[in-house]
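Inspection log for the structure reproduced underneath, given as structure tokens.
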Number of protein chains: 2
Amino acid sequence: MARATIADVARRAGVSKGLVSLALNDRPGVSAETRTRIQRIAEDMDWRPNPAARGLSAGRAFALGLVVHRERHTVEVDPFFASFIAGVEEALSQDNRVLVLSVVTDADTEAETYRRLSKDRRVDGFLLTDFLTDDHRVALLRELDTPAVILGDPAENIPFPVVSRDYARGVESLLAHLAELGHRRIAHVTGDLQMQHASRRRDHFLTHCRALGLEALIAEADFSPERGAQATVELLDGDHRPTAIVYANDPMAIAGIAVAHERGLNLPADLSVAGMDGSDIGRYTYPSLTTLNNDPAGWGRQAAAVLLELIEQGEAADAALPGADLIIRGSTGAPA
Amino acid sequence: MARATIADVARRAGVSKGLVSLALNDRPGVSAETRTRIQRIAEDMDWRPNPAARGLSAGRAFALGLVVHRERHTVEVDPFFASFIAGVEEALSQDNRVLVLSVVTDADTEAETYRRLSKDRRVDGFLLTDFLTDDHRVALLRELDTPAVILGDPAENIPFPVVSRDYARGVESLLAHLAELGHRRIAHVTGDLQMQHASRRRDHFLTHCRALGLEALIAEADFSPERGAQATVELLDGDHRPTAIVYANDPMAIAGIAVAHERGLNLPADLSVAGMDGSDIGRYTYPSLTTLNNDPAGWGRQAAAVLLELIEQGEAADAALPGADLIIRGSTGAPA
DNA sequence: GACGATAGTAGAACCGGTTTAGAGAGTTTG
DNA sequence: CAAACTCTCTAAACCGGTTCTACTATCGTC
């Protein structure tokens, strides 16, 4: 049951450990004949390198790290991560690597976790989600001299590769769709504006409202359904009540729909609503939720691929995912 | 920047590596004086054991594994895992251990992942969620001779410790609540009945309906909002339309609410609805969702603690979490 | 004062890989 | 034909811990 070691393979092949290592890692210095013989024997014995041994020798962990920072009450509501991780997995498992996941609920623990995982060599690099406009993790990871890849679209010049998706076009089609339906005053409920994708989405919203000649309202929230609901109340109570609300993510949109229902509004006639996450649960709300598609698994695959390249090659180019486009469902319609 | 090794500490203390190891692991054979001196020096040098080295020597990984199996289209909608993992984290980080997470979308990959993580010694044990009534993972992990802890309440005798939560009482209070409101015919939309907690919840439902003299209907689904919606349609179209529907989880309940709204039903007057997950998003639906509290973080903390004990001590007792109790919100009321 | 017991410590082996120096055989070169 | 060079391979060191064996000093005992 115990796995065969490289010494077992060497013994069986009648050669030294070192030669087996060279043969199995496709390194020069082994005759073609011996190499295939060793490879055949290794396969036959179901040999697989022990990651701890290899890691000790190479100073690598063969693992990627993902540290998710969520406030305690916000932890559960994010539909992004499961699919994202499934995507990461696809890029990882073929290479016998592994994902180390940590969920932390405060900033100190977050920094401590990055430190620990990096210094203990538990991971070779990090996937940085929820990137902040001025993200302290950049300095931290430079100090730790640890590779990372950023998910988002940072304004500044960042010393790590970036994986991004264009939302400008998606937001534009969403607003064009609303304008075409006859909406003239549209609100946006933002995510946590410290987060770079939240402020980007707000900027896209404002830019394209202006371009389309729409009146734009902004209500600040933080991606949580609680704040989303609260922002919705404010908008519906305000003097300039919008006929449509675009939420920075789907959970807030769902909470917004609930607020509207509570007031007896008829959706979408009295109020159109849209999200920006493309989440599956949005198919099953009432009305079903117009949103942008986001393909979290695609994010995961691509981010992991870039990070692996950075770790292996020492450098990696930025990558752009296909732009998010519009998913029209039942929650948007002509205003009454 | 490079971390101090045990040899550095030994040199600085003027003793041998071995003695440092004994001193820092609180093992006998070191004089009290020398021990504190070494400990002080180690702390001073910010020494921390290298997990790869320790793992290689001890044959352990100092990591726990969690393999989540979800169909591709169901991946995202589970509010359980993020909080669960946050709970696991609490039990782990103090001990400098780590969680290795894998999300897989088919059964073959699932088995392969357990094999790989175990044989490569990437983890020391597994947390088994979504336990099936006749779960193939039990045999697999016995074959691999790998510790595991089961989340659920299996009927059979299982060679692994079990962490369970009592839902019987919660289901009973939920049904009593509905009965008191005047409901007489109540339906249950089940989860995937292969899963042990799904069949348990159905059994509790049937038992307590009988005890309370309620007419019980069962509609089979699989925890996905899609099937939850479909089951709701069937129930509402059926000859014996219930006045209340209890869903095996919250996402299905949310989808059920949407179906009811779509038909112009007034909730809760025309139909009462309840979930069983205690999810936060249920606060922000319309109407807000009556449900059972589930405390996923508590599950995580406890399961990790039991698994660590099993790994350390070679055995661990079952653990029972506090029973789930009723959270009454707006989606249940007296039938019209 | 010789003896054994015991505490405290050094040193080496080991875990399972990778890497490097160098040995031996065969081939080219001046 | 000897020197230089290639090619293939072995042996040993190394990564950073843990653990086992054996040695030395100290102590108590008769």
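The values are calculated or read from the model by the stated rules, or taken from the named source; none is laboratory data. Because the structure is a prediction, the values reported are computed rather than measured. Here the Cβ positions follow ideal geometry from the backbone for every residue, glycine too, while neighbour counts run over all protein chains shown. Keep in mind that these areas ignore ligands, DNA and RNA; they rest on the heavy atoms of the full protein, side chains included. Shrake-Rupley method; radii C 1.70, N 1.55, O 1.52, S 1.80 Å.
For segment B:90-112, which residues drop by 50 square angstrom or more in accessible area between the chain on its own and all protein chains together (1.4 Å probe)? Correct list: B:98, B:101, B:103. Give me the accessible area buried between chains A and B, both sides summed, with a 1.4 Å probe, in Å² rounded to the nearest 100. Separately minus together, A and B give about 5000 Å² buried.
Sparse packing (at most 16 other Cβ atoms within 10 Å of the Cβ) combined with a DSSP loop state is found for the following GluC sites (Glu not before Pro) in segment B:278-317: B:315.
Counting only protein heavy atoms, probe 1.4 Å: which residues of segment A:292-313 lose 40 Å² or more of accessible surface in the full assembly compared with their chain by itself? In segment A:292-313, residues shielded by partner chains: none at all. Backbone geometry of segment B:46-58 corresponds, through the Karplus equation with coefficients 6.51, -1.76 and 1.60 at θ = phi - 60°, to 3J(HN,Hα) couplings of 6, 6, 9, x, 7, x, 5, 5, 5, x, 4, 6, 8 Hz, x marking Gly and Pro.
Pairs of alpha-carbon atoms within less than 8 angstrom and 6+ residues apart define the contacts here; what relative contact order does chain A have, in percent?
17
Counting only Cβ charges, +1 for Lys and Arg and -1 for Asp and Glu, the dipole size of the protein assembly as shown around its Cα centre is about 2080 debye. Distances, shortest first, from the label point of residue A:95 to those at the same position in the other copies read 3.1 nm; the point lies 7 Å along Cα to C-beta.
The GNM of chain B, with springs linking C-alpha atoms under 10 angstrom apart, assigns the highest mean-square fluctuation among B:316, B:23, B:219 to B:23. Of all lysines in the structure, those lying under 26 Å Cα to Cα from residue B:17, and not within fewer than 8 positions of it along the same chain, are A:119.
GNM on chain A, alpha-carbon springs under 10 angstrom: the most fluctuating residue among A:243, A:190, A:285 is A:285.
So in the protein assembly as shown, what percent of DSSP beta bridges are antiparallel if you round to the nearest 5?
Numbers: 7 of 69 bridges.
Looking only at bridges with both residues in the protein assembly as shown, the antiparallel portion is about 10 percent.
In segment A:185-258, the alpha-carbon atoms span a convex hull of 71 Å³ per residue. Assuming charge only on the beta carbon of Lys and Arg (+1) and of Asp and Glu (-1), the dipole of segment A:73-224 about its Cα centre is about 320 debye to the nearest 20. Sequence-ordered 3J(HN,Hα) estimates for segment B:242-250 from the Karplus curve with 6.51, -1.76 and 1.60 and θ = phi - 60° stand at x, 9, 8, 10, 10, 9, 6, 8, 6 Hz, glycine and proline given as x. Element breakdown for chain B at a 1.4 angstrom probe: carbon and sulfur atoms account for 46% of the accessible area.
Taking the Cα centre of chain A as reference, the dipole from Cβ charges on Lys and Arg (+1) and Asp and Glu (-1) amounts to some 1300 debye. Taking only the C-alpha atoms of chain A, Rg followed by Dmax gives 25.0, 86 Å. Each principal axis of the Cα cloud of segment B:6-48 was taken in turn, and the coordinate range along them, longest first, works out to 23, 16, 16 Å. Annotation: per residue accessible area for chain B equals 41 Å², rounded to a whole number [probe 1.4 Å, protein chains only].
Where does segment B:168-294 land on the Kirkwood hydrodynamic radius, alpha-carbon pairs, in angstrom?
14.0
What is the sum of charges around residue B:93, taking Lys and Arg as +1, Asp and Glu as -1, for the other residues whose C-beta is under 15 Å from the C-beta of residue B:93? Here the count lands on -1. Build a GNM of chain A with springs between Cα atoms under 10 Å apart, and of A:275, A:256, A:298 the one that fluctuates most is A:298. Between helix A:107-119 and chain A there is an angle of about 20 degrees, using the helix long axis and the longest principal axis of the Cα atoms. Cα convex hull, the protein assembly as shown: 177 Å³ per residue, rounded to a whole number. Hydrodynamic radius of segment A:24-82 by the Kirkwood approach over all distinct alpha-carbon pairs: 15.8 Å. Using a 7 Å projection from Cα along Cα-to-Cβ, the label point at residue A:269 is separated from the same position in the remaining copies by 1.8 nm, smallest value first. Take every Cα pair under 8 Å whose residues are at least 6 apart in sequence, average their separation, divide by the length of segment B:51-205, and the relative contact order is 21 percent.
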